[in-house]
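The values are calculated or read from the model by the stated rules, or taken from the named source; none is laboratory data. Predicted model only: the values in this text are computed from it and were never measured. Here Cβ is always computed from backbone atoms with ideal geometry, including for glycine, and neighbour counts include all displayed protein chains.
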Amino acid sequence: MNLSDKLAGIREFLNVPILRVSGTEITLFTLILALVILVAGYWLARALERAVIRLFRARGVTDEGTAAIPARLVHYLTLLLGFGLALNALGVNLTALFAAGALFAVGIGFALQNVMENFVSGIILLLERVIKPGDVVELENRIVQVVRMGIRSTVARTLDDEDLIVPNGLLVRSTVKNLTLRDNLHRLRCSVGVTYGSDMALVEKTLTRAAESVPWRIQDRPVRVLLRRFGDSSVEFEVSVWIDDPWKRQQQRSELNHAVWNALREAGITIAFPQMDVHFDEEVVRSIGAARTG
């Protein structure tokens, strides 16, 4: 028997139908080919997963949970593609399968619209990296620190040590102030009003001295004192310093307020409070008094 006869025999053996599924004959060759595609898809999925993790590390993402989510997503999508190719190799008609899957996906999409929005938003946040674990952000007028980012939601901690589960869609839709995006520098302000009879030059010097006395301010950033406005009952000043940790700004603002209060009292400067002057018309007062005595 020559080589061509042997090859013909092997080909005939591999093409012998071993089972029939919905009118489709499955041969030994198609079964082996499907298994090879499945194994290759599995190894390709693992390789792509590792590549995605390395890509996130190269971009400075050190949190394993943050990098693992998109990596697993790529892993499962590759497995799904390999499974589809394996079914196609077996002779399964994928057109009807994909049509049914598309209808099913549309129904699921309408039912889980909010979940899908948060899912896509999570991918956008992970790729853009404008918010990352450890950042201090202002969200809905609250200062929170990002603890962990997931594919559907983000866990943040408040100043009261409460954990908030924030949907990723909210972070994408709304304006979020990231206080630590570029650096940790943050301007801390204190507003105070003094009476109109105060020596304004002395007020400015006193406020500058009070702000310079706080030990935690950034020393190479100058203190700024501004006369903001002439109010109804006071002349309003604003004094500001720079700090290097926005997470501590609530406590440090309190310390700055104490320093300003003590410095103004020591300088004999009166902190104004709302007041109203009432002037009486003498003719009206006399007429009222005459009416009562009459």
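With R249, R253 as the choices, which residue is closer than 30 Å to R157 by Cβ, surrounded by 13 or more Cβ atoms within 10 Å (Cβ to Cβ) and at pLDDT below 90? When all the criteria are applied, what remains is R249. State whether the residues of the range 126-147 include one that is out of contact with any Pro (no Cβ under 9 Å at 6 or more places or on another chain), farther than 24 Å from H258 by Cβ and without any contact (Cβ under 8 Å) to a residue 12 or more places away in the chain. The answer is yes; a qualifying residue exists. Taking the criterion of being touching a strand residue (DSSP E or B) at 6+ places or on another chain (Cβ under 7 Å), at pLDDT below 90 and either closer than 25 Å to G197 by Cβ or in a helix (DSSP H, G or I) (or both), would at least one residue in the range 273-294 satisfy it? So far as the range 273-294 goes, no, none of its residues is touching a strand residue (DSSP E or B) at 6+ places or on another chain (Cβ under 7 Å), at pLDDT below 90 and either closer than 25 Å to G197 by Cβ or in a helix (DSSP H, G or I) (or both). If you go through the range 148-187 and pick out every residue that is free of Cβ contacts under 8 Å to residues at least 60 places away in the same chain, of a type in the set (S, T, N, Q) and surrounded by 14 or more Cβ atoms within 10 Å (Cβ to Cβ), you end up with 4.
The residue pairs whose first member lies in the range 12-41 and is within 10 Å of G91 (Cβ to Cβ) and part of a strand (DSSP E or B), whose second member is at pLDDT below 65 and of a type outside the set (D, E, K, R), and whose beta carbons are closer than 6 Å, counting only pairs six or more residues apart or on different chains, are E25/P17; I26/L19; T27/N15; T27/P17. Does L181 satisfy being out of contact with any helix residue (DSSP H, G or I) (no Cβ under 7 Å at 6 or more places or on another chain), within 30 Å of V74 (Cβ to Cβ) and assigned to a helix (DSSP H, G or I)? It is false that L181 is out of contact with any helix residue (DSSP H, G or I) (no Cβ under 7 Å at 6 or more places or on another chain), within 30 Å of V74 (Cβ to Cβ) and assigned to a helix (DSSP H, G or I).
Scanning the range 256-269 for residues being surrounded by 14 or more Cβ atoms within 10 Å (Cβ to Cβ) and more than 11 Å from C190 (Cα to Cα) gives a total of 4. Is it true that some residue in the range 31-49 is closer than 26 Å to V147 by Cβ and either surrounded by 12 or more Cβ atoms within 10 Å (Cβ to Cβ) or modelled with pLDDT under 75 (or both)? Taking every residue of the range 31-49 in turn, at least one turns out to be closer than 26 Å to V147 by Cβ and either surrounded by 12 or more Cβ atoms within 10 Å (Cβ to Cβ) or modelled with pLDDT under 75 (or both).
Residues in the range 192-217 that are within 32 Å of the chain's Cα centre (by Cα) and surrounded by 14 or more Cβ atoms within 10 Å (Cβ to Cβ): V214, W216, R217. Inside the range 211-253, residues that are assigned to a strand (DSSP E or B) and of a type in the set (K, R) make up a count of 3.
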